[in-house]
1. Considering only the other residues whose Cβ falls under 15 Å of the Cβ of residue C:11, what net charge follows from Lys and Arg at +1 and Asp and Glu at -1?
2. Would you work out which of A:97, A:194, A:112 lies farthest towards the positive end of the dipole of region A:35-194? Charges go on Cβ: Lys and Arg +1, Asp and Glu -1.
3. Between beta-carbons, use under 15 Å as the cut-off and find the net charge around residue A:108, counting Lys and Arg +1, Asp and Glu -1.
4. Using 13 Å as the cut-off for backbone N distance, which residues of region A:167-182 belong to the label zone defined by a point 7 Å from the Cα of residue A:104 along Cα→Cβ?
5. Let me spell out the model: positive unit charges on the Cβ of Lys and Arg, negative unit charges on the Cβ of Asp and Glu, origin at the Cα centre of region C:42-175. What dipole size does that give, in debye rounded to 20?
6. Could I have the simple spin-label model distance between residue C:10 and residue B:92, label points 7 Å from Cα toward Cβ, reported in nm to one decimal?
7. Near the amide H of residue A:24, under 5 Å away, which other amide H atoms are found, from residues 5 or more places off or on another chain, if H is placed in the peptide plane?
8. Using alpha carbon centroids, what distance separates region C:9-23 and region A:105-147, in Å?
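Here, each number is a calculation from the coordinates, and none is a lab measurement. All of these numbers come straight from a predicted model, not from anything done at the bench. For neighbour counting, all protein chains shown are included, and Cβ atoms are generated from backbone atoms with ideal geometry for every residue, glycine included.
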Amino acid sequence: MIGVGKMKQYTNVLDKPLSKGKQEVSLSAFAFLFSELVQYNQTQVDNIAELERRLEDAGYAVGARVLELLCHRDKGNRRETRLLGILSFVHSTVWKVLFGKVADSLEKGTEHEDEYMISEKELLVNRFISVPKDMGTFNCGAFVAGIVRGVLDSAGFPAVVTAHFVPMEGQQRPRTTILIKFAEEVLRREARLG
Amino acid sequence: MRMFHVTSISYKRLLQDLFEVSEGCSSLEVLREWNRPLRTLSSQQDHKLMFGLLFSLKSFTAKMDPSSVEKGNLGVPQLPGQGCSFHSFSTNSYKLSLMETPSGIKIILVTNPKTGDLQESLKHIYSLYVEYVVKNPLYSPGTQIRCELLNTALDQYVKNV
Amino acid sequence: MAPLAPRSGDAIFANVERVNAELFTLTYGAMVRQLLTDLEEVEEVNKQLDQMGYNIGIRLIDEFLAKSNVSRCVDFKESADVIAKVGFKMFLGITATVTNWDADGTSCSLVLEDNPLVDFVELPDTCQGLYYCNVLSGVIRGALEMVSMKTEVTWVRDMLRGDDAYELRVKLLKQVPEEYPYKDDE
């Protein structure tokens, strides 16, 4: 399904020239679309965990396509094969394309070897949100976690990815941390590559 | 009908209540209350009176408009933006300022009678509503507004007015 | 105080925060894919997309009014023009053309010159009945309903179905003024 085009007619979507990805829409247009994605999925679930899982699924579909698109456009069909390479690709390239900026930070988990964290002070999808108390720890960042998982998985780095609010000292709003826990096979392969 | 209601009767020009009523539902909901010294009626009553007052005033002001030929009939509902609309009225104890959007949202500020023109403040409150209520993915139109971002922003704004 | 003149779509779009259209396009694609999985029937997906558009429209209207300085929407012709020139521009960065007015001025066509929803999209054989962009017709219907205009919005041409443009038909059904919402004896 990749192939970008303007209003010229092509018999096949693959004949269209690939866009440079410079086109923009207003943040509001995205905010309204995303709101409706959340609202629709709320009607399909019984609990918060399920809602997060469904948002993550939607994000996964976006992530898988973003990887395809960026590898084709920006990297001449090459992709990262090493752990730190793919993480920094997500933290800088993917973030910049999707959110217009590099993520605030990328850190290695201190307690577990297989955990990495990408944090953002104000994640785009949480910009306008007020989470009511009865929704507990619900974080719309699940969608972004899904995007990250989609990119990683499609690049051959299966992982469990989750989004969490982390309170910040001196800040009224918590930041969002995307926690990435790589599958065992990824770490074994990485160790083999040395 | 959707209606916001921000009132303030204190002499510090503090805004006091903020109500929102959603489309097709007549329950009044207090969003933000700073400090209203006297509460004369139930909020439900308050709200009905407020709507009736605005509805009739609008009808009267349009009927009295010397510059317009088409005046419609008194009491006949008008389309949003149709006819002239009033911005504020003052009494010896308070001033009421109103902004009505073509989408039917009414934002009302009740303040000290000496307060100047508040159209800019009303516009600002509308933009806060758009930013923190309308674009909140967890807000569904027609339900109670529970947006801490809106409350924070309103408090901040009121402090600086 | 004279009312401010409505701002141009270009001026608003230049001043609002923007995001890469690809994030928008891919997110919409993910949403459509979810609906196809959940609802299975293409006809149901069309309905749901229209409903979701409507839900967006009734919210988006306030953002539109707050940013555009449009203070009255009484005239349908004027409103159609504003949607085409300001609405599409300020949200999607594209312009639409208003054409094909009928004799009594109650229905017209909006022709899109560009459509960020459909980048990357080709309808597979199983989805030939899908109105992929049905969210747009819902948005227009919802937004107009909030300014008291009941409309019917349908697709006339759809490039994903082999037509040469995207064309929406907007028909004004009636204008409903605000009513006093309480009964006298309540």
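1. Value of the local net charge: +3.
2. Of A:97, A:194, A:112, it is A:97.
3. The answer is -4.
4. Output list for this probe position: A:167-178.
5. Details: 14 positive and 21 negative charges, 117 e Å.
With only Lys, Arg, Asp and Glu charged at Cβ, the dipole is about 560 debye.
6. Between residue C:10 and residue B:92, the simple spin-label model gives 5.7 nm.
7. C:21
8. Region C:9-23 and region A:105-147 have Cα centres spaced 26 Å from each other.
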